[in-house]
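J.: The structure that follows is given in the form of structure tokens.
The values are calculated or read from the model by the stated rules, or taken from the named source; none is laboratory data. Note that the structure is a prediction, hence the values are computed from the model and not measured. Cβ: placed from backbone, ideal geometry, glycine included. Neighbour counts: every protein chain shown. Ligands, DNA and RNA are stripped out before the accessible areas are found, and what is left, the full protein with its side chains, is counted by its heavy atoms. Shrake-Rupley method; radii C 1.70, N 1.55, O 1.52, S 1.80 Å.
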Amino acid sequence: MIQIIAGEKGKGKTKILLDKVNADILNTKGSIVYLDKSTKHMYELSNKVRLINVRDYCVENPKEFLGFICGIISQDHDLEKVFLDSFLKIACTDESDIMPVIEKLEMISSKFEVDFILSISMNQEALPEPARKYVIVSL
């Protein structure tokens, strides 16, 4: 399953994402990973959540990003959820090329039964039409 928290920069998407991950860790039997562009939110996350700074791993394009995601899934068979803050930046994509990445994440999600929760700095109306069905919060 894919879920999107959409809104312009500075609207509070990260706060909602952090609240959701910290609430979900209480009800999740498996593991949770939080991907971000820095370790800035390390102390706001439960210590049961694995924080990964994607920029530490030289991810430079959407294909490398998707390979990185598959690598995370392959090393943790108990992985249930992956939270992706600043999705456009960590996925090395932009508004015009977002759908192929989301479609591939949906395929990965179905195959490996891992949920992806994305924070995207775009208004819901600016998202491509097929992506709008995944929006759970629009700011």
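J.: Would you check which residues across segment 75-107 are part of a helix (DSSP H, G or I) and among the small types (G, A, S) and list them?
T.: Selection gives S96 alone.
J.: Only residues that are free of Cβ contacts under 8 Å to residues at least 40 places away in the same chain and in a helix (DSSP H, G or I): list them for segment 108-118, please. It would help to see each step written out before you state the result.
T.: The first filter runs over segment 108-118 and keeps only residues free of Cβ contacts under 8 Å to residues at least 40 places away in the same chain, leaving 110-113.
Scanning segment 108-118 gives S110, K111, F112.
J.: What strands (runs of 3 or more DSSP E) lie completely within segment 1-70 and have 2 or more residues being without any contact (Cβ under 8 Å) to a residue 24 or more places away in the chain?
T.: In segment 1-70, the matching strands (runs of 3 or more DSSP E) lie at 50-53.
J.: Of the numbered conditions (1) within 15 Å of the chain's Cα centre (by Cα); (2) open to solvent by 30 Å² or more (accessible area, probe 1.4 Å); (3) over 18 Å from I16 (Cβ atoms); (4) not small (G, A, S), L79 satisfies every one except a single condition; which is it?
T.: (2)
J.: Shifting gears a bit: I need the full set of residues from segment 1-57 which are acidic (D, E) and surrounded by fewer than 13 Cβ atoms within 10 Å (Cβ to Cβ), in order please. Give the derivation first.
T.: Of the residues in segment 1-57, the ones acidic (D, E) are 8, 19, 24, 36, 44, 56.
Selection gives E8, D19, D56.
J.: Also, quick follow-up: Quick check: anything in segment 120-133 open to solvent by less than 30 Å² (accessible area, probe 1.4 Å) and in a helix (DSSP H, G or I)?
T.: Taking every residue of segment 120-133 in turn, at least one turns out to be open to solvent by less than 30 Å² (accessible area, probe 1.4 Å) and in a helix (DSSP H, G or I).
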